[in-house]
Amino acid sequence: RGAGMTAAVRLTLLVLWGPCLSLHRAWATDVATPASKGAACPPKYYQNSPIVFECTQDSGTVHVSLCSHRRSSGMPIPVGVANFQIFAKSEADIDLLLVDPAVNKTIVSYSDGNTKTGSKTTSYTTPNGRTLKVTYSGDDQEPPVTEAVAITGRSTIPTELFVQSYQQTEAGLELSYSYQSVSPCPTIPAGCSAYDLAQAERVVKSWSRWAQSRYMSDGQAEHAWEDMTKEKPSGEVPWSAWRCVWEQWPGEPGNSSWQYTFHYIDSNADMLISNKEFTEALLSYKWTPQEVQASVSDWSKWVHSQYSPQGAWNFYTDGALVSIPRAKWNAAVWENFIPTAGELKVSANASFEYCDTLQDQMLTEEEFIHCLSPDMTTVTTTTPAPASTVPMLRGSGSNLVGLAQLGSDADLPSTLWKEEGTLQCPDGYYRSSAIVWSCSGDSGMVRFFLKPVGDSLGVWIPEGVMDFKVHTYAQIDMDLVLVDPATKTHIVSYNKGVINDVHRSGTYQGTVGSLPLTTFSGDDKEPPVSENLTIAGKTGMPVVLGFHNYEKHSGSLDAWYSYTSLSPCPATRTGCSPYNTTQALDTVRSWSRWAQSHITAEEAWDKITQKKPGGVVPYYFWQHIWEKWKLRPDNESWQYSFHFIDSNHNQEISEDEFIAAFRIYQWTEEDIKVSLTDWSRWVQRHHTAEGAWNSYSNGANVIPSSAWELTIWDQWFPTPGELKVGQASSFRFCDVLPDSGLTREEFQRCYCMSGCSTAARATGSSGSSGGFAGWAGWAAAVAA
């Protein structure tokens, strides 16, 4: 960035900025300076800037906290402000930037504005011909860093002032300003935004849920206050410092959420968040019984991986305590629980109260071991569905991977995880993207499933998205990548991107468009891995956000995103595709036919949800389940099949919805005959008709349906190209009478479905190749 200010530059600054510097020295003598200054925002508005502009002359000094290596929130400077001057001072390396937000054009910057290093006065002309006269002090790098900007005359356009910090830790900033007036006088002062109470409450509760899980492992709200705010119990957090506290939350939705949440939490509106106000907000989210039970269940599995129940009790009580008090549970038991990806950790107090069934503030050995039981059913939210059949599919059997494999996968979905901010597609369309884009901007949280050792597509970011931000978080070693789909160029990647771990910010020019200033947080390798990306301005081309998983097992990644707008606004929401009901029905029926051939509906559901009460399959995880079906017709089928199965379109597949889709295909009479013919060939390779009867009947007069299921049908493993329907369907076909038992004649009738040549059976050959040619010889075989 150069060698800093020369003596000549410093002298020029003194000449040009003498009045401002004198004013600054006078302000600096004040013992206490407020975090914000100017007019107060009217009711139903919150403050979004350190300066709220009055219509009459004003001046003052404000203090602002700059978060590590980040740009400050934009400070709006209104149209009509006269002779505005601002002087910035910090012990950290900072830069002032003045931006025209209408076209995202930098007017003042040390590197890429109209004015650069060295004091300079310039005129900036907008695309519509308006002119703004601006003076910039030039770049300073030697602490204390001082930079200044002035607008001469009355501002003809609204602008925004940013301060970029290059320090790796939080830095302090002092801003001294003055202006003569604002005309015309706006109804709502610049520096205020409309306040949405419902939105603020929802976001604070989402933050509370995260903060309790992250900072209240020991059950102490006081520790969360000290860890997050770095304040003592008697301290307070001013408006100017709240952003650095708030943005510790990986899921913060951006779009000025730190400002309107400050307004919500600061209940007495004194522009300070006290310990009491912070704690009330921290505890605002109330854990549901289902969340607590699921979290304790996850803890139980974690403990079982290290100890037996009795061994765990002895370890935590040191072999001496007769009970575990709340304080020891919080500090020694729950605080040490480290959940894996997809698991939930509720607060220590919530977990203790769940296990303390006697409610005496102590856990007995019986209570402790009960909480370690893997089949706890204190909270029940689902009703078991009726029994199902166990079928198989004709086709390329060697390429089929059964749903039963889900039980051994490394990463299963959290039944409690919820998306936030995702928009619905209109009627006649299905969701074809993790993010459904809104013209007016949006923020939210989505989750992605990451395949082992390889790349996974995240989301297509369309052209025209303004100020896109994404914060990612995973319990596995992964990398965030941004790709130009037209040329397959890595725009952002830690080692081969145009923007990488060494050069973390820059612009990009592709063959079909460009990207404005894009900033990458840098590579993170130690789980939990967190990597972030910001595109400051409007995307001039579509790009693809993706992820690379380095682990040998699958995993999941949480992404918190925000953007302010999408322009031009498309007629149909980007992220939605036309929905063909007939195509979806046919595809789900084919999947159902395959799925039923591997496992029952109930067994599949239990493996997917790990038997957690209230389990659901969220949108992101359905792809993982669907891709077990190797004969799926196309790469998009998982998305439109999800739309079909998710009948209430709440972006989750419930147990009822899953089972209804699982059973949508009904076995035909022809399916059953073909399947029994395949079975007949198989059993004849192992037994004669008499030998098979003696083996399976075990000396009884009939074979009951339970024996048919467990010792006959369940033991048959079809080869590629064979079909296996459900045991109930096959038994019902053979039970001619029907009386829930197979006589010798009924059994041998099905035995001979593929033919009953005695010679062929004696030599162990596969019998007749004609599917039903053996029917004519059935009577002779029975007689024999």
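For the reader, a short list of remarks on this structure follows.
- Among the residues listed as W302, W242, the single one being within 26 Å of the chain's Cα centre (by Cα), modelled with pLDDT of 85 or more, in a helix (DSSP H, G or I) and crowded, with 18+ Cβ neighbours inside 10 Å: W242
- Within region 258-277, the set of residues being touching an Asp or Glu at 6+ places or on another chain (Cβ under 9 Å) and in a helix (DSSP H, G or I) comprises W258, Y260, T261, Y264, I265, N275, E277.
- Note on region 467-488: residues that are open to solvent by less than 50 Å² (accessible area, probe 1.4 Å) and either among the polar types (S, T, N, Q) or in a strand (DSSP E or B) (or both) total 12.
- Screening K538 with (1) over 24 Å from T574 (Cβ atoms); (2) of a type in the set (D, E, K, R); (3) open to solvent by 60 Å² or more (accessible area, probe 1.4 Å) gives one miss only, at (1).
- Residue check, E142 within 11 Å of A88 (Cα to Cα) and either surrounded by fewer than 22 Cβ atoms within 10 Å (Cβ to Cβ) or touching a Lys or Arg at 6+ places or on another chain (Cβ under 7 Å) (or both): no
- In region 477-492, the residues that are among the polar types (S, T, N, Q) and over 20 Å from D523 (Cα atoms): T487
- Residue in region 459-466 that is open to solvent by 20 Å² or more (accessible area, probe 1.4 Å), at pLDDT 95 or above and not in a strand (DSSP E or B) present: yes
- Residue selected from region 55-108 under the condition basic (K, R) and in a strand (DSSP E or B), by the criterion modelled with the lowest pLDDT: R71
- Scanning region 446-471 for residues being closer than 22 Å to Q248 by Cα and charged (D, E, K, R) gives a total of 3.
- All positions within region 551-599 that are open to solvent by 60 Å² or more (accessible area, probe 1.4 Å), modelled with pLDDT of 90 or more and farther than 30 Å from S257 by Cβ: P578, N580, T581, T582, Q583, L585, D586, R589
- Every test in (1) open to solvent by less than 20 Å² (accessible area, probe 1.4 Å); (2) farther than 24 Å from T609 by Cα is passed by S351 save one, and that test is (2).
- Tally, over region 656-678, of residues that are over 18 Å from F731 (Cβ atoms), part of a helix (DSSP H, G or I) and touching a residue at least 40 places away in the same chain (Cβ under 8 Å): 5
- Picking from residues in region 626-655 that are of a type in the set (D, E) and in contact (Cβ under 8 Å) with a residue 40 or more places away in the chain, the one that is least open to solvent (accessible area, probe 1.4 Å) is E655.
- Every condition in (1) out of contact with any Cys (no Cβ under 7 Å at 6 or more places or on another chain); (2) crowded, with 20+ Cβ neighbours inside 10 Å; (3) in contact (Cβ under 8 Å) with a residue 40 or more places away in the chain is met by D524 except one, and the failing one is (3).
- Within the option set P34, P42, being open to solvent by 10 Å² or more (accessible area, probe 1.4 Å), assigned to a loop (DSSP other than H, G, I, E, B), modelled with pLDDT of 90 or more and not β-branched (V, I, T) holds for one residue only, P42.
The values are calculated or read from the model by the stated rules, or taken from the named source; none is laboratory data. Here the structure is a predicted model, which means the values were calculated and not measured. Here the Cβ is made from the backbone with ideal geometry for all residues, glycine too, and neighbour counts use every protein chain on show. All accessible areas refer to the heavy atoms of the entire protein, side chains included, with ligands and DNA or RNA removed. Shrake-Rupley method; radii C 1.70, N 1.55, O 1.52, S 1.80 Å.
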